[in-house]
Amino acid sequence: MFGAAATAAVFGLLIPLSGCGSSSGDAGDGGTLRLIAAEYGNSSANSSKAFWDKVTADFTAANPGIKVKVELLPWADIDREVSRMVKAGNAPDMALMGSYSDFAAQGKLYSAEELLSISAEANFLQPLAEAGSVGNTLYGLPFVASSRLLFYNTKLFMDAGIIPKDGSVPWQPKTWNDLQTAAKALKTKGVRFPYALPLGPEEAHAETMIWELSNGGGYADSSGNYSLASDANIYTLKWLKEQLVAPGLTGPVPPSQLNRADAFAAFLRGEVGMLNGYPSLSHEARAKGITVGAVSMPVSETLGTGETPPTVGVADWMMAFKQNGNRAEIGKFLDFLYQDKNLSDFAGRYHLLPSTVTASRTPAGGGLDKNDEQFLTALRGAQLYPVNDPTWVTVSDTLKRSIGRAVEPGGDPKAVLEDIAAKASAASKKQH
């Protein structure tokens with residue numbers, strides 16, 4: 001989730017630690033833990049290597065008996081590679097990646113209680129801890145996270161007369177109709193993408209969930225069961241199709257073919273009036289001289305303006321595998337890694353949010369950028385993907401590949417959602 005940014009970083013979000021090492025429980029026997037980490041940077045200049053080199057050197061200096069070897073892999077390969085290792089009986093000691101629950105369901109992971117001190121386990125931000133838990137047991141340790149807000153290009157809004165020329169009154173949309181009205185004004189002014197709606201296969205599940213939540217829907221009901229084809233979700237996609245896509249308010253690229261990275265790139269070129277974004281995009285835009293406004297997602301007229309739906313939160317998950325028996329060593333390393341200064345350092349490099357209460361409120365490692373504070377506020381009340389359901393990997397893949405069809409000219413939102421729901425049900429039966 002997150003992932004990292006228009007960099008590979010914000011696009012994936014967490015990092016897999018993989019390892020083989022001594023199977024002795026003695027942390028002082030010279031064992032080596034192997035960490036496989038996603039590369040958050042998009043160039044040698046901002047590679048994650050510098051962070052891991054420093055943190056592992058500092059850790060070994062404090063714990064001379066334990067070394068940590070780090071290997072960086074592209075986000076596109078992490079899940080597949082770790083799954084392959086586990087199937088081959090060569091599980092890593094740790095993995096930091098986008099999902100954990102399938103391994104938890106197989107009984108292959110240590111719980112947080114077996115690894116961390118009580119204070120460290122209790123320090124995770126609540127929405128992240130809930131998403132990292134199966135039942136009441138925490139298996140997925142959140143590392144860095146992000147939330148989404150609705151961005152708008154203030155210059156384009158001024159030019160279209162949506163906000164005053166001097167920017168004295170920010171845009172404050174309350175309902176979807178307010179968003180649609182702004183999109184129409186932007187289109188009249190010739191803005192290429194009045195509202196960028198990325199429902200292409202890269203990350204369609206995020207954009208879809210943002211809209212569904214703002215109509216009282218979402219992927220799961222209050223009991224945690226999938227509710228993919230609910231009446232609220234069908235209405236949401238029908239509205240998008242008829243009120244944004246059909247009138248040409250989403251730009252020249254069909255939403256089913258527009259990926260998040262392409263939408264972000266267009267925003268950085270000044271071609272997008274509005275889109276849903278996260279902190280790193282805001283920083284990149286400012287670096288290019290684009291002034292960005294960020295607001296909460298407006299709600300549907302059906303939901304009513306008195307409601308405040310949760311924003312979408314995203315995190316990546318650190319997990320520790322039992323296979324090599326290095327529980328004591330892994331626990332020592334994770335307690336060290338999750339210190340405020342280390343989390344703040346990593347989050348700050350990629351404009352992500354640290355996953356713990358103390359790191360998000362202290363100035364250790366530089367503290368949060370002032371512009372990131374509103375994302376942290378949104379994260380505290382965010383709803384995350386149902387990552388603690390072991391079928392989520394399959395369901396999210398289905399969503400990414402097919403949800404865009406619902407808003408195509410001949411698309412049928414109800415049929416598309418029911419098809420996705422049927423596949424989710426089949427995956428759940430297979431899992432159990």
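Some points to look at:
- Output for region 88-110, where each listed residue is surrounded by fewer than 17 Cβ atoms within 10 Å (Cβ to Cβ) and polar (S, T, N, Q): 90, 106
- Taken over region 70-105, residues that are part of a strand (DSSP E or B) and farther than 16 Å from residue 334 by Cβ amount to 3.
- In region 77-87, the qualifying residues are those that are without any contact (Cβ under 8 Å) to a residue 40 or more places away in the chain and not basic (Lys, Arg), and the one that is surrounded by the fewest Cβ atoms within 10 Å (Cβ to Cβ) is 77.
- Within region 134-146, if we keep just the residues that are open to solvent by 20 Å² or more (accessible area, probe 1.4 Å) and outside any loop (DSSP other than H, G, I, E, B), the residue that is nearest to residue 326 (Cα to Cα) turns out to be 137.
- Here residue 193 clears all of (1) touching a residue at least 24 places away in the same chain (Cβ under 8 Å); (2) open to solvent by 10 Å² or more (accessible area, probe 1.4 Å); (3) closer than 19 Å to residue 298 by Cα except the condition numbered (2).
- Any chance residue 279 is over 21 Å from residue 157 (Cβ atoms), open to solvent by less than 20 Å² (accessible area, probe 1.4 Å) and touching a helix residue (DSSP H, G or I) at 6+ places or on another chain (Cβ under 6 Å): no
- Of all residues in region 332-341 being open to solvent by 10 Å² or more (accessible area, probe 1.4 Å) and touching a residue at least 40 places away in the same chain (Cβ under 8 Å), the one that is nearest to residue 282 (Cα to Cα): 338
- Within region 184-215, tally of residues that are out of contact with any Gly (no Cβ under 7 Å at 6 or more places or on another chain) and at pLDDT 95 or above: 13
- Set side by side, the residues 220, 246 differ, and just one is open to solvent by 10 Å² or more (accessible area, probe 1.4 Å), within 26 Å of residue 314 (Cβ to Cβ) and among the small types (Gly, Ala, Ser), which is 220.
- Residues located in region 369-423, provided they are small (Gly, Ala, Ser), within 27 Å of residue 281 (Cα to Cα) and open to solvent by 30 Å² or more (accessible area, probe 1.4 Å): 381
- Residue 325 vs. criteria on the phi > 0 side of the Ramachandran plot and without any contact (Cβ under 8 Å) to a residue 60 or more places away in the chain: no
- Residue match in region 311-331 (condition: crowded, with 19+ Cβ neighbours inside 10 Å, modelled with pLDDT under 90 and not hydroxyl-bearing (Ser, Thr, Tyr)): yes
- Hey, residue 69 at pLDDT 95 or above and surrounded by 14 or more Cβ atoms within 10 Å (Cβ to Cβ) or not: no
- Unique residue being in contact (Cβ under 8 Å) with a residue 12 or more places away in the chain and more than 25 Å from residue 251 (Cα to Cα) when the list is 291, 311, 302: 302
- Within region 367-420, the set of residues being outside any helix (DSSP H, G or I), small (Gly, Ala, Ser) and within 16 Å of the chain's Cα centre (by Cα) comprises 381, 382.
- Residue match in region 174-190 (condition: more than 16 Å from residue 244 (Cα to Cα) and either surrounded by 18 or more Cβ atoms within 10 Å (Cβ to Cβ) or touching a residue at least 60 places away in the same chain (Cβ under 8 Å) (or both)): yes
- Exactly one residue out of 289, 348 is farther than 22 Å from residue 178 by Cβ, part of a loop (DSSP other than H, G, I, E, B) and open to solvent by 30 Å² or more (accessible area, probe 1.4 Å): that is 289.
The values are calculated or read from the model by the stated rules, or taken from the named source; none is laboratory data. Computed from a predicted model, the values in this text were never measured in an experiment. All Cβ positions, even for glycine, are placed from backbone atoms using ideal geometry, and neighbour counts span all protein chains on display. Accessible surface is based on the protein model in full, side chains and every heavy atom, while ligands, DNA and RNA are left aside. Shrake-Rupley method; radii C 1.70, N 1.55, O 1.52, S 1.80 Å.
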